[in-house]
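A short write-up of the structure that comes next.
The values are calculated or read from the model by the stated rules, or taken from the named source; none is laboratory data. Owing to the predicted nature of the structure, the values given are computational and were not obtained by experimental measurement. Every residue, glycine as well, gets a Cβ built from its backbone with ideal geometry; the counts of neighbours run over all protein chains shown. SASA here: full protein model, heavy atoms, side chains in, ligands and nucleic acids out. Shrake-Rupley method; radii C 1.70, N 1.55, O 1.52, S 1.80 Å.
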Amino acid sequence: MRARKAQAMTEDVLAGGGAPDVLRAPGRDDAATSDSPDHARSASAASSAGGMQEAAQAADARQQGASAPKGGRRSARPAVAAALRLLRRLRPTSLLARIVIINILGLIILVGGLLYFNQSRESLIDARVESLMTQARIMAAAIASAASVDTGEIIIDPDRLVAQTEEIPEGGSQELSWIIRPERVAPVLRRIAQSTNTIARVYDPEGMLVADSRNLYGGLLEQELPALPTPQESWWQRAWRWIDDTLFRNHYPLQEDYGFDNGKAFPEVRAALTGASVSVVRVNEKGEIIVTVAVPVARQRSVLGALLLSTQGGEIDEVLRSERRLIIFMFVIAGLVTLLLSVSLASQVAEPIRKLAAAAERVRKGVDNRVEIPDFSHRDDEIGHLSGALRDMTQALYERIDAIESFAADVAHEIKNPLTSLRSAVETLQFARTKEQRERLVAVVLQDVKRLDRLISDISDASRLDAELARIHAEPVDVAELAETLAQVMNETAREGEAHIVIERLPLPRGVRGDDAFTVMGHDVRLAQVLRNLLVNARSFSPPQGVIRVVLKRLPKHVEIRVEDEGPGIPPENLEKIFQRFYTHRPARHFGQNSGLGLAISRQIVEAHGGVIRAENITERQEDGSERILGARFVVRLPHARHQA
């Protein structure tokens, strides 16, 4: 980054044009530049001209941006939409593939960020510039010393070299004229430049090449031989080089060849001849980074020439490639680990889900009579919960199917009985000889028709009960008030001799308020249907002028309703059977007046409200130890509104 900032600093120093190289001008040599008024004015003029040119280019760019058609953004929208549709079509459908892709994608983004935003290149360039600058100053001092003293002695002690470059009183060097001699520069370049694996060049004030470390042998100038042919690269080396050149291309200017007489064509040489120390970063034909520093060879404020130190092409790039290879290697290792972990995770998640989905599909298609859902309930995670829920749902579904089949069979049986009776009466009607016989057969037909109508109504009510209970919103219902209202209506509409209904409230437990003591959450119409079925059932078994007692009792978390009659009671073996559909066991006088669905519907409604209903006998112990049945009792227990689940 400092190398990029140096470009603007050096362009202000340069008086002439040139390639926009990345240059650096250290502060220690600013004094050398400021000593020359002509150069300072030239640099200032170049800076002003460059600034005006940049401002003009920026204005042109803004004008072009403003004149661009606004429809370009709209025209890009269909392309973006098409790309999104393509991604949606190409997205993986397998959970395993999605897990692997997501994990690998995150790793790729991380590694890509490390490779793209890695600051190693700038750091290496900065460090190399500092190193070359130090070497160049030492070598420049040694060259200046060799040019000033004709003893053949080469001074390489940094302290002495720095001491020789210190300023002398003004006017003390006007009579002196220093010349860089190639035969004295050659040993310095050979001993210092070649030992550091750098290329050193020395130019005189006219821009002519005095010495080049690549062409030195024993102090003589030698012509560089043609390069040896490079070995053939393998396919993976070519692939890696293509990836490296494509993704990590160095966007620096191209380095042109330094000639014998074109030194002033390079901005760094011109800057060094003016007394400035600068650095430049370029690339060769292979795209490899070359760092060059240029320092003046000065003696007593007199610039004798320019010294250029350059790195070998590929020196920095090889270090960067080694880092990238290490990152890629770590990416491969991490990718393999991620892949194994993803497959392991998918085997624990995707495979159980696949088995559950396959079992659910078999349930839907009905391939097997009873499909067993895989049991993963031993797992304490979401898969275990899903497995348990699916098993419970499937079991409830099979139970509902069995109930529907049983209900259909019962309906067919119950409808068939009155239809058979009706058919028999109609067929016999044509053989009736007397009016009395015909009237009796017509009465049978009317009774069977009423029975069918009642049966169909109850069947329809029972079939839509579940859906209606699930659809209606529950509201607070005062069961005591509901029972009192229903008892009053039934007492007022009772026939002569039918049992009378009495409401009795038991004392409330301590701490229970009386305003909502018997309030439950539910559907008032359906709860009234339960009470009416129980009261009608009790009245049908009660003796004439009997009494039906409705006892309301508040429990800590429930409301209990008891319906007691004075009838013959219920056989012990039928206490649970009476809640089955179409089961009826009534006196002969009530034959055909009930469908046998009343108690079954009542249990269905109570259970839908989270309660229970049961039947028991009211007994009294006799002197001989036996129990006498005094009547039947139906107990309904519903959760209180405050304790509703």
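Shape of the stretch 446-605 from its Cα gyration tensor (a ≥ b ≥ c, root eigenvalues): rounded if a/c is under 1.5, otherwise prolate when a/b > b/c, or oblate? Numbers along the way, then the final one.
Details: a/c = 1.87, a/b = 1.32, b/c = 1.42.
Cα axes put the stretch 446-605 in the oblate bin.
On a straight-distance basis, which lysines could pair with Lys577 in a cross-link, Cα separation under 27 angstrom, same-chain partners fewer than 8 positions away excluded? Partners within reach: Lys416, Lys450, Lys553.
Under the 0.36 nm per residue contour assumption, what length would be gained going from the current alpha-carbon distance of Ala403 and Glu576 to full extension?
Values: separation 173, 0.36 × 173 = 62.28 nm, distance 1.68 nm.
Taking Ala403 through Glu576 to full extension adds about 60.6 nm, to one decimal.
Projected label points at Glu130 and Asp375, each 7 Å from Cα along the beta carbon direction, are separated by 7.1 nanometres. Between the amide H of Leu597 and those of Phe582, distances stay under 5 Å, these residues lying 5 or more places away or on another chain, with hydrogens modeled in the peptide plane.
Starting from the Cα gyration tensor of the stretch 435-528, take the square roots of the eigenvalues, sort them a ≥ b ≥ c, and report rounded, prolate or oblate (rounded when a/c is under 1.5, otherwise prolate if a/b is larger than b/c, else oblate). Before the final figure, lay out the partial values.
Details: a/c = 5.19, a/b = 1.77, b/c = 2.94.
The shape class here is oblate.
Can you tell me the FRET efficiency between Arg181 and Ser123 if r is taken as the Cβ-Cβ distance and R0 is 30 Å, rounded to the nearest 0.05?
Values: r = 39 Å, r/R0 = 1.30.
My answer for the efficiency is 0.15.
Using DSSP to define loop residues, name the GluC sites (Glu not before Pro) in the stretch 341-433 whose beta-carbon has at most 15 other beta-carbon atoms within 10 Å.
Taking the stretch 341-433 and a limit of 15 other Cβ atoms within 10 Å, the loop GluC sites (Glu not before Pro) found are Glu372.
Site pair Arg510 and Asp257 shows an inter-label distance of 11.4 nm when each label is modelled 7 Å from Cα along Cα→Cβ.
For His609, His558, His251, His500, give me the order by solvent-accessible area with a 1.4 Å probe, most accessible first, ignoring ligands, DNA and RNA. Walk me through the numbers before you get to the answer.
Details: His609 15, His558 65, His251 155, His500 95 Å².
Final ranking, largest accessible area leading: His251, His500, His558, His609.
Ligands, DNA and RNA aside, Lys557 has an accessible area near 120 Å² when probed at 1.4 Å.
Candidate cross-link partners of Lys365 among the lysines, defined by an alpha-carbon separation under 22 Å and a same-chain spacing of 8 or more, comprise Lys355.
When the surface is traced with a 1.4 Å probe over the full set of protein chains, Trp236 keeps roughly 150 Å² accessible.
Multiply the residue separation of Lys365 and Arg621 by 0.36 nm, subtract the distance between their alpha-carbon atoms, and state the gained length in nm to one decimal.
Working: separation 256, 0.36 × 256 = 92.16 nm, distance 5.87 nm.
That works out to 86.3 nm of additional length.
Straightening the chain between Val80 and Glu318 buys 81.7 nm, computed as 0.36 nm per residue apart minus the Cα-Cα spacing.
The Cα atoms of the stretch 344-386 give a gyration tensor whose axes a ≥ b ≥ c have a/c of 1.5 or more with a/b greater than b/c, which makes the shape prolate.
By a 1.4 Å probe calculation restricted to protein chains, Val343 has an accessible surface near 70 Å², given to the nearest 10. Per-residue accessible area (protein heavy atoms, 1.4 Å probe) orders Glu484, Glu183 as Glu183, Glu484, starting from the largest.
Here the simple spin-label model places points 7 Å from the Cα toward Cβ, and for Ile101 and Asn491 these points are separated by 7.5 nm.
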